[in-house]
Every structure is written in C-alpha cells, then in structure tokens.
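**Student:** Structure incoming, see below.
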Amino acid sequence: MARSQTGQLLLTGVPGPELDAESGALYREIQPGGFILFGRNIKTPGQLRKLIDDLRGLSEIEPIITIDQEGGRVSRLRLIGSEPPNAQQLRDRGSIELIERHGAITARLLRLFGFNLDLCPVLDISFDDEADNSLRGRCYGRDVAETIRNAAAFNRTMREGGIASCGKHFPGYSRAPLDAHHELPVIPLTRAALDEHELAVFRHFIPAGKHPGAEPEAIDSMMVAHAQYPHLEPDGLPGSLSRRIITGLLREEFGFTGLVMTDDLDMGAILNHYSLEETIRLAIGAGNDLAMICHRVEALPEARKYLDRLPAADLDRALDSVARFKERLAPPEPFSEEEFRARDAEVQQLRVETLGPELASQRSPEDGKRSPVEIY
C-alpha cells in the first residue's frame, strides 16, 4: 500500500461550477478517489461537461464521478433540463416498462456528461409516504416484493447503460423518525423485524459470494445510513461507523464484495457528535471503502492526514476495493448540446407518460424546510 494513494478513499464535493485554481491545486495534491456534484456545480450543459473533464484531467487515477440523479426533487440535472418522475410516481403508475426506460434514459444522460456512478436506487421501503425523514417520494415500494420488483428494473437497465449503481441506505433508513441531514435518528427495530422487511430487500441485490457484476440485478456499491440501530450495534455507533453493521453484517454475513461508502459525513447526524479524526478512523475501520465529504472541501488535507495514521491492513483493504470498482467504470461519451437536448427530450416524454400532460408541467417544489441542504 502506497501512503501517497490514501486520497483514493475520499469522495469529495466541489465548491462551484468551475474548477478554480485553489481547488485544482488541492485536488492535485490529495488525489481524491472520486467527486460528487450538486446543484451548486451545474449551470449549463457545456459548463457541466467541462467541469467533469477538468476533474478527470487533474486525476492521476480515473476518478469516480457521481451524482444523485434519482428522479423528482432529487434530480440534480433538472437544473438544466427536464425533471424525471420520482420513484413513488413510477411506482404508483404501475408500469415496469416505464421504470426500465427511466433506468436506460438516466444512463444515457449521465454518460453524456462523464458520470460513471449514480447514487441510486433507493432500496428503502416506504412504510409511510408522508414520513418526514428525507425519503418522501423516493421509495420504489411499500413492501419487500414491490420494492425489489421496481428497484431491480431501474437498477438493471441503468447498469446495462454503463452507469454503476449504489443501493441506499443500508441497513434500512425509512423508519427513521428524524432527518439525518440534521440529527442522528434512532431506529430501535429488532434484528427479526429488519430481516423481515428492510434487510430482505438489500439481500436480494447482493449476489452471494459472487463478483458484484456477475448478476444483472446486483448492486455495484452500497451507501450506509447515518442512524443508530441499538439491536444491531449496542455500542451506539451509527450504521455508517459501525464495524458490526458494515463488516459483520454487510460484508461477512451477507457476502457483499462491492464498494461500500458512508453517507455524507458533513450531515448533522455525524457533525453533531464526532470530530473529523474520529469519523475517519471509525468509518474506514468499520469497513467502508470511501469516506464521503461533500461540503467541507477545505478539510481534505486534514482527512488525508488521519487516513495516513490508520492501520495498513484497513487501508489496503479499502484501496483494493476502490481499485476493483474503478476497473469496471465506463468512459464518457462524446458531448454535444444537440445530443443533450435529444436525451433530455426523452426524460420529458417519460415524465408525460408517467404523470400525464397536466401534471408533467408541474415541477417538484423545493423543500423550504431543508434549504439550503440538498437531499441525498
């Protein structure tokens, strides 16, 4: 393991729509494993492709370039184009064919800009469509079977289109009573209750003992939730920092061999309770491969310093996992404004067929209670 490569274990945000000299110098020094883009990074189609090309250009190892492009309000590209229907709208429409098209269209759109990973599908079950925990509209099903059927259709066609997928939020976040963007929720479900519902969905997308790419419905990567599960982790650690949950349950018991990442470590659920040093030590020690820092870009040198202090065995494991994941990433497609408009028209047509012409003209409102937080 080369200590100079520890930046590969960081998935970082980008400050603005252009790569300024200061940020460029920082990224060249740190060499992050990947970049996650948000609304603050998106102004025009051409600008977005240039930003991604610039990020790739300064990276010595091909980077993960990712985004939250789910549908509805969690669709960053709606800032420059059409808004895809969300998971609940597709679920309620009851058409697998439309969900499959959503996956294929999403892949075509993301490949055009140079993205290689989409942070979806959400694999959480919606027990309450009005729950105030950031998942409103984002769940593909109201029970295990419906969630698996619909999420699998999206996941399969998006992966076939060359975009890697990420299941979230392991081990199940939908019964959280609070929004982890602001505070750490407690989910006091027994292991038996989780096995019957939440974990049954995640198990389906994990190819037992096989390479993540070996089965068409397999998830390429997994995002772990910021929530406490007292019956899984008696020491009170959130799932995203728990070795029992990530290594013991996800990796060893379920046999997941793909990439594992934390949810954003800049969310209140973590910031309110842990220092950056504790967070990095616990995250990688728990079995994560990527520590996600979406907003505190200035903290990257400090984060890498803490990574450099970790046991070599933990670093080697995570670096090997990141490297294996990157071997399967698809390269960008040639970009043109005309091609973007054509693919964006497919998004709008999907929206019309899902919602009908009248509702399709109404975009999802911004959630003022959470502004300026971007949900993911």
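The values are calculated or read from the model by the stated rules, or taken from the named source; none is laboratory data. Worth saying up front: this structure is predicted, and the values here are computed from it rather than measured. In this analysis, Cβ positions are derived from the backbone assuming ideal geometry, glycine residues included, and neighbour counts consider all displayed protein chains. We work out accessible area using only protein heavy atoms, side chains counted, and drop any ligands, DNA or RNA first. Shrake-Rupley method; radii C 1.70, N 1.55, O 1.52, S 1.80 Å.
**Student:** Tell me, yes or no, whether the range 312-327 has at least one residue that is assigned to a loop (DSSP other than H, G, I, E, B) and either open to solvent by less than 50 Å² (accessible area, probe 1.4 Å) or of a type in the set (A, V, I, L, M, F, W, C) (or both).
**Tutor:** no
**Student:** Among the residues of the range 184-201, which ones are modelled with pLDDT of 95 or more and of a type outside the set (A, V, I, L, M, F, W, C)?
**Tutor:** Result: Pro188, Thr190, Arg191, Asp195, Glu196, His197, Glu198.
**Student:** Now for a separate question. Consider the range 81-115. How many of its residues are in a helix (DSSP H, G or I) and touching a residue at least 12 places away in the same chain (Cβ under 8 Å)? Outline the logic, then answer.
**Tutor:** In the first step, residues of the range 81-115 are kept if they are in a helix (DSSP H, G or I); the result is 87-93, 96-113.
Narrowing further to those that are touching a residue at least 12 places away in the same chain (Cβ under 8 Å): 87-91, 93, 96, 98-113.
The qualifying residues number 23.
**Student:** Related question: Looking only at residues in the range 28-73 that are among the β-branched types (Val, Ile, Thr) and in a loop (DSSP other than H, G, I, E, B), which one is farthest from Asn150 (Cα to Cα)?
**Tutor:** The residue in question is Ile61.
**Student:** Can you tell which of Gln5, Gln69, Gln88, Gln47 is open to solvent by 10 Å² or more (accessible area, probe 1.4 Å), among the polar types (S, T, N, Q) and within 22 Å of Asp289 (Cβ to Cβ)?
**Tutor:** Answer to the check: Gln5.
**Student:** I need the full set of residues from the range 240-287 which are among the polar types (S, T, N, Q) and either open to solvent by 10 Å² or more (accessible area, probe 1.4 Å) or in a helix (DSSP H, G or I) (or both), in order please.
**Tutor:** Ser240, Thr247, Thr257, Asn272, Ser275, Thr279
**Student:** In the range 348-365, which residues are more than 20 Å from Leu109 (Cα to Cα) and among the hydrophobic types (A, V, I, L, M, F, W, C)?
**Tutor:** Those that are more than 20 Å from Leu109 (Cα to Cα) and among the hydrophobic types (A, V, I, L, M, F, W, C): Leu355, Leu359.
**Student:** Let me confirm something: among Arg49, Arg28, which residue is touching a residue at least 12 places away in the same chain (Cβ under 8 Å) and closer than 24 Å to Leu109 by Cα?
**Tutor:** Arg49
**Student:** For the range 339-367, which positions are of a type in the set (Ser, Thr, Tyr) and either more than 17 Å from Ser95 (Cα to Cα) or open to solvent by 70 Å² or more (accessible area, probe 1.4 Å) (or both)?
**Tutor:** So the first thing to find is which residues in the range 339-367 are of a type in the set (Ser, Thr, Tyr), and the list is 354, 361, 364.
Scanning the range 339-367 gives Ser361, Ser364.
**Student:** Show the residue pairs that are 6+ apart or on different chains and have beta-carbon atoms under 9 Å apart, the first residue being within the range 187-209 and farther than 16 Å from Ile125 by Cβ, the second being among the polar types (S, T, N, Q) and not in a loop (DSSP other than H, G, I, E, B).
**Tutor:** Close Cβ pairs satisfying both conditions: Pro188/Gln228.
**Student:** Restricting attention to the range 202-224, which residues are open to solvent by less than 10 Å² (accessible area, probe 1.4 Å), assigned to a loop (DSSP other than H, G, I, E, B) and at pLDDT below 95?
**Tutor:** Pro207, Ala218, listed by residue number.
**Student:** Which of the residues that make up the range 225-239 are open to solvent by 10 Å² or more (accessible area, probe 1.4 Å) and either in a loop (DSSP other than H, G, I, E, B) or free of Cβ contacts under 8 Å to residues at least 24 places away in the same chain (or both)?
**Tutor:** Scanning the range 225-239 gives Pro230, His231, Leu232, Pro234, Asp235, Gly236, Leu237.
**Student:** Another question, then. Take the conditions at pLDDT below 95, within 27 Å of Ile42 (Cα to Cα) and of a type in the set (Gly, Ala, Ser) and apply them to Ser165. Does it pass? Before the answer, list the steps.
**Tutor:** Values: at pLDDT below 95: no; within 27 Å of Ile42 (Cα to Cα): yes; of a type in the set (Gly, Ala, Ser): yes.
So Ser165 does not fit the description; no.
**Student:** Suppose we keep only residues that are hydroxyl-bearing (Ser, Thr, Tyr) and at pLDDT below 95 within the range 328-376. Which one would you say is nearest to Val224 (Cα to Cα)?
**Tutor:** Looking at residues that are hydroxyl-bearing (Ser, Thr, Tyr) and at pLDDT below 95, I get Tyr376.
**Student:** Moving to a separate point now. If you take the residues in the range 164-192 that are of a type in the set (Val, Ile, Thr) and in a loop (DSSP other than H, G, I, E, B), which one is most open to solvent (accessible area, probe 1.4 Å)?
**Tutor:** Selected residue: Thr190.
**Student:** Right, another one. Does the range 127-146 include one or more residues that are over 24 Å from Ala360 (Cα atoms), part of a helix (DSSP H, G or I) and of a type in the set (Val, Ile, Thr)?
**Tutor:** yes
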